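Comments concern the structure below.
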Amino acid sequence: MRNKWVKRSIYIAILLAIFVGYPWYNIANPADATVARGLMPENVIKYGQDHLVLWGAAILVATAIGVAAGILISRPQFRFVAPVVVNIANIGQTVPSIGVLAIFMGLLGMGFSTAVFALIVYGILPILRNTYAGMITISPGIIEASRGMGMTPYSILRRIELPLALPVITAGIRTSSVMIVGAATLATFIAAGGLGAIIVTGLSVMRDQLFYTGAVMAASLAILLDYILWIIEEEAQA
Amino acid sequence: MVIKLENLTKIFQPGDAPAVDNLTLEVDEGDTCVLVGPSGCGKTTTMKMVNRLIEPTDGKIYVENEDVSKKNPIQLRLNIGYVIQEIGLFPHMSIAENIATVPRELRWPKQKIQERVDELLSMVGLDPELFRNRRPSDLSGGQRQRIGVARALSADPPLMLMDEPFGALDPITRSYLQNEFLRIQEKIKKTIIFVTHDIDEAIKMGTKIAIMREGKLVQYATPDELLSAPADEFVVNLIGGNYSIKRLHLIRVEEILKEPFTVSPEDSLDEAKEVMEKSQLELVLAVNGEKHLEGLVTPSSLRKEGERVGDVMDTPDLTVDSGATLNDALSVMLTNGEGYALVVGDENRLQGVVTLNAIMEALQDNEK
Amino acid sequence: MELLYSMGHYFMLAASSNPQEGEPWFFEPFFAYLVRRWDRILVMTLEHFELILVATAIAIAIGVTVGVIISYYEPIAYPVINVTQVLMTIPSIAMIAMLIPLFGIGFNNGVAALVLYMLLPLVRNTYTGIREIEPAVLESAKGMGMSELRVLTKIKLPLALPVIMAGIRVAVVLGVGIGAIAAYIGAGGLGSLIFNGIERVNYPMIWTGAIFISIIAIVLDLILGWGEKRLYRY
Ligand SMILES: Nc1ncnc2c1ncn2[C@@H]1O[C@H](COP(=O)(O)OP(=O)(O)O)[C@@H](O)[C@H]1O
Ligand SMILES: [Mg+2]
C-alpha cells in the first residue's frame, strides 16, 4: 500500500524533474543567440502556462458537457437521438486535430479562445460516447430492481447508474485528455501559444536544442497528466 | 505396448508435498489401467509425465522398454493418443481438420487422411457426410467428446492417455459414451491409461485399477480383486460398500444373454400366438432376415386387429447396446417397470434378451 | 445509411454557422476548389495512403512480433504494453521533433512516428488474443505432439486473428489522423492542405484536407470492420 504511493511519487518526481530540468538546463546553456531568444524564460513559462490552461479548461468543460450529454441521450425519452449523436461523435473523431483547430479558426478567427473552444468540442466526443456506452450496457435487471425497491429516477442515476458506468466514463475522460494535450501542442498554428510554439519555432529556425526542449516538455507534460489521471482512475475504482 | 512407471516422483515446488510420490506401476499390453482417487491425489500429474507434458522430479517411465526421457517429446506425443476432459477441440478448424491434426503433422498423403477421417467418424458413430465440415461449436458436448476420442485415435497410436474424458457429460450421455468406447476398445485393443475420480467408472472401464491417495499407490488390482479384497479402509470407503451393486458395473450383458423368441413381421398372428405360448416372458420379438430388430409382440398386441405380425407389433424400446453392463440394463428395466431389456448390436441387430432373473443369478454366481 | 444521414448532418452543422452574412463561404468555394485542384488533391490522397500503408505494414510486423514474444515472457508483458501506452500519449508534433535525429525530416520520419503510435493496439491485441485462447486447446495441441512453432502458427495466431484484426483497425484509423501532422515535416499527404490552408488563410483548402482525411478514416474503418466481421468468431 505505502509501497504503491512511494512508486507513484517517484514516477511523478521523475516526470516533473524532466519537465522542469530539461528546459532549465537548455535555458542556462543556449548554443547561440537564436536559441537564447527562443528560450527566454518568461516565454517558456508562458507557453507552459498556456498549455496547462488550454488543457485544464478544455478537459473540465468537455467532461461536464460530455457526461451531461451522454446521460441525456441515454434516457429513454431521448434514446431515439442517440444513434445520430453517437455517429456524429464517431465521425467527428476521425477529423484530425489540426483540422479541428483550423476549422474553428475559420469560424471564430485566430487566438487563444478559439483554441479553447476547438479543444472543448474535440474533447467532448470520447467522453460523450463512453458515458452513453457505459449507461446503456448496465443490465436492465439492475434498473428494474432499483425501481422496484422504490428508488426515484434521480437516486437511481446517482447511486446506481453513474457508479456502474464510472470506469467507462473515466476511460473516456483519459482518452479525451490525451487528445487535448496533443492538440494543444498544435494550438500555436492558430496563434494560441502552448509548448508547440517552442517546437515550431525550433523547426523553422532549424535549432535542434530549441525543438528538443519544446518536444521534451510537451511529451513529459502529456505523460505526467495522463499518469495523474490514471492514478485518479485507479483510486476511484478501488 | 507395455508401460512401466518406476519410482516416479513429482515435486512441483521445492518444499511442497510431492504430487506424485514414488509410484511404481506396470501396465500390460492391451490393458486399460484406470488411475482413480480423490481430486488432487496426483492422477493427472502421473498421466502427463507419460507424454512429458510434465517432467518427473525423480524416477523413470518406460514405454515399450524405452526410457521416455531419452525420446524426443514431439515424436513421443505423436505416438500417444491424448484425450482430456475439456476436450480442447480447435475452434477454428472443421471436424475433419481437427481429426486430421496428427496425420498432418506426420505428413500423411491427403487421400489417406481423408479416408482415415471418415473411418474414425463412423467408428465413433457420427455420419461423416454430416459432420466432416462442421465446426466444433456446432456440436453437442457428447458429440465433441466423440471427436476428441476420434482425434486421439487418428494416427492409430498404440497407447492412449485419457484424463476424465467423460467427466463433463451428463450421466446418460456419459454411460452411452462409456459403452461405445468399450465396444471400440474391444476392436482396437489399445493400451490405455485412464484417469477418473469416479470409482464406478473405474470399475466399468478398467481391466486394472490403480487406487491413488496423496500421490501414492494404495492398491493395484483387477476390478474383481478390488471388490473382493480391498487393501485397506481407504479403498473400502472409496468403493463405498454395496459390492453386489458395484458388480453390476463389472458384468456385461453379453455374458448373460438369453436367446429370444422371434418371429418375422411377415408371419401370421396365429404363428405368433404359438411362439408366444412357448415364451415364459410373454415376449416375442419381430426380426427380419438379417436379424434387424423390427418390433415387439406382447399378448396385448396380439389382441389387436390385423393379419400379420407387422400390423400389430409395437416399437421396441427398452434396448441397450451390446457393450452395456448389467447396471445399464437394470437401470433401463427400473425406469420402464419391466423385467427385461433387449440387447442390440451394430445396425440394430438383435443379440438377445436380458431378464431380471438372469441378473440376479449372475450376481449370486459371482458372489461364490 | 445511418452513417450517410449523420454525415449530412455534419455538413449542415458546418454550413449553418456562417460568420459573414450573405457571402457564400462553404459549399461554393469548397466545390470550386475541388474542381480546380482535383489533380493535386488526388496526389496528396495517394501520398496519404502510401504513408498509412507503409507504416501499417511495418507496425504489424513489429507489433505482432512483440505481442507474440511477450505472450511467452509474462513478466515483461505489462511493462512492454505500458511503454507502448506511454508512446501513445506523446503529442505527435513532439514525437516527430524527437525523431529528427534518427530519421531526419520527411517521409521516413512520418512513417516512424506512425509506427510508434500504432504499436499499442497491435501489441496489446496480439497479446490478449493469444492469452484468451482456452488453455485446454493449447494443452491438447501440445499433447498431440505439435511443436511450439506449429502451435504458434496453426493454433495461436489463427485463433488470435480476429482480435489482431481489431487492433489493426484501431491502428489504421489512428494513423490516418496522425498522418496529417506528419505533413508538417514534409512527409506529404493531405495534412499539407491543412497547414498550407492555415498559412494562406484558405478555408476551402482546410476543409478539403480535413474532410478527405476524415473520409479516408471512415472508409478504412468500414472496410476493416467488415473484414473483421467476416473472420470467423468462435
Ligand atoms: N502445475 C502445477 N504446479 C503446482 N502444483 C500443481 C501443478 N499441477 C498440479 N499441482 C498439484 O499437484 C497435486 C496433484 O494434482 P493433479 O495431478 O492435477 O490431481 P488430480 O488429477 O488427481 O486431481 C495437487 O495438489 C495440485 O495442486
Ligand atoms: Mg485431474
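Brief remarks on what is shown
- Within the range B:148-253, strands (runs of 3 or more DSSP E) holding 3 or more residues that are over 12 Å from the mean Cα position of the chain (by Cα), away from chain C (no Cβ under 14 Å) and more than 16 Å from ligand 2 (Cβ to nearest atom): B:216-221
- Of all residue pairs spaced 6 or more apart or on separate chains, those with beta-carbon atoms under 7 Å, a first member in the range B:39-65 that is more than 19 Å from B:K190 (Cα to Cα) and within 14 Å of chain C (Cβ to nearest Cβ) and a second member that is among the polar types (S, T, N, Q) and within 14 Å of ligand 1 (Cβ to nearest atom) are B:I54/B:T45.
- Test: residue in the range A:43-56 that is buried (at least 19 other Cβ atoms within 10 Å of the Cβ), of a type in the set (V, I, T) and at pLDDT 90 or above: yes
Okay, residues lined up against (1) in the same structural domain as B:G167 (by TED's automatic domain parsing); (2) within 14 Å of ligand 2 (Cβ to nearest atom); (3) touching a residue at least 60 places away in the same chain (Cβ under 8 Å); (4) in contact with a Cys (Cβ under 8 Å, 6 or more places away or on another chain):
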| position | (1), (2), (3), (4) |
| --- | --- |
| B:Q13 | yes, no, no, no |
| B:L25 | yes, no, yes, yes |
| B:E29 | yes, no, yes, no |
| B:A100 | yes, no, no, no |
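- Here no helices (runs of 4 or more DSSP H) wholly within the range B:309-368 include at least 2 residues being crowded, with 19+ Cβ neighbours inside 10 Å and modelled with pLDDT under 80.
- Here B:I54 clears all of (1) away from ligand 2 (no atom under 16 Å from the Cβ); (2) surrounded by fewer than 22 Cβ atoms within 10 Å (Cβ to Cβ); (3) among the β-branched types (V, I, T) except the condition numbered (1).
- Any hit, the range B:252-259, residues being without any contact (Cβ under 8 Å) to a residue 24 or more places away in the chain, crowded, with 19+ Cβ neighbours inside 10 Å and either under 30 Å from B:V236 (Cα atoms) or outside the structural domain of B:L226 (by TED's automatic domain parsing) (or both): no
- Residue within the range A:129-136 that is crowded, with 17+ Cβ neighbours inside 10 Å, under 30 Å from C:S92 (Cα atoms) and within 14 Å of chain C (Cβ to nearest Cβ) present: yes
- Only listed residue being more than 23 Å from C:D221 (Cα to Cα) and not charged (D, E, K, R), chosen from C:A61, C:A32: C:A32
- Hits in the range B:120-136 - residues which are away from chain C (no Cβ under 14 Å), touching a Ser or Thr at 6+ places or on another chain (Cβ under 8 Å) and outside any helix (DSSP H, G or I): B:R132
- Against the test of being within 14 Å of ligand 1 (Cβ to nearest atom) and either in contact with a Cys (Cβ under 9 Å, 6 or more places away or on another chain) or farther than 27 Å from B:N79 by Cα (or both), the options B:F234, B:F194 yield a single qualifying residue, B:F194.
- Counting only helices (runs of 4 or more DSSP H) that sit wholly inside the range C:51-133, those with at least 1 residues that are within 17 Å of C:A187 (Cα to Cα) and in contact with a helix residue (DSSP H, G or I) (Cβ under 8 Å, 6 or more places away or on another chain) are C:92-103, C:107-131.
- For the range B:6-50, the set of residues classified as closer than 20 Å to B:Y82 by Cα and away from ligand 1 (no atom under 14 Å from the Cβ) consists of B:L25, B:E26, B:V27, B:D28, B:E29, B:G30, B:D31, B:T32, B:C33, listed by residue number.
- Check on C:G145, free of Cβ contacts under 8 Å to residues at least 12 places away in the same chain, surrounded by 24 or more Cβ atoms within 10 Å (Cβ to Cβ) and either outside any helix (DSSP H, G or I) or not β-branched (V, I, T) (or both): yes
- In the range A:192-211, of all residues being more than 10 Å from every other protein chain (Cβ to nearest Cβ) and under 25 Å from A:V95 (Cα atoms), the one that is modelled with the highest pLDDT corresponds to A:A197.
- Any hit, the range A:165-182, residues being touching a Ser or Thr at 6+ places or on another chain (Cβ under 9 Å), outside any helix (DSSP H, G or I), at negative phi and facing chain C (nearest Cβ under 8 Å): no
- Summed over the range B:279-320, the residues that are without any contact (Cβ under 8 Å) to a residue 12 or more places away in the chain and either under 36 Å from the mean Cα position of the chain (by Cα) or outside the structural domain of B:P265 (by TED's automatic domain parsing) (or both) give a count of 1.
- Restricting attention to the range C:210-232, the residues that are more than 16 Å from C:V173 (Cα to Cα) and either at the interface with chain A (Cβ under 10 Å from one of its Cβ atoms) or assigned to a loop (DSSP other than H, G, I, E, B) (or both) add up to 2.
- Members of the range B:79-105 found to be more than 9 Å from chain C (Cβ to nearest Cβ), over 23 Å from B:L169 (Cβ atoms) and in a loop (DSSP other than H, G, I, E, B), listed by number: B:A100
- So B:P171, is it modelled with pLDDT of 95 or more and surrounded by fewer than 19 Cβ atoms within 10 Å (Cβ to Cβ): no
- Residue match in the range C:167-189 (condition: surrounded by fewer than 17 Cβ atoms within 10 Å (Cβ to Cβ), in contact with a Leu (Cβ under 7 Å, 6 or more places away or on another chain), away from chain A (no Cβ under 14 Å) and not acidic (D, E)): no
- Taken over the range B:192-219, the residue count meeting the criterion of being in contact with an Asp or Glu (Cβ under 6 Å, 6 or more places away or on another chain) and under 25 Å from B:A152 (Cα atoms) is 4.
The values are calculated or read from the model by the stated rules, or taken from the named source; none is laboratory data. Because the structure is a prediction, the values reported are computed rather than measured. Heads up, the Cβs are rebuilt from the backbone with ideal geometry, glycines too, and the neighbour counts pull from every protein chain shown.
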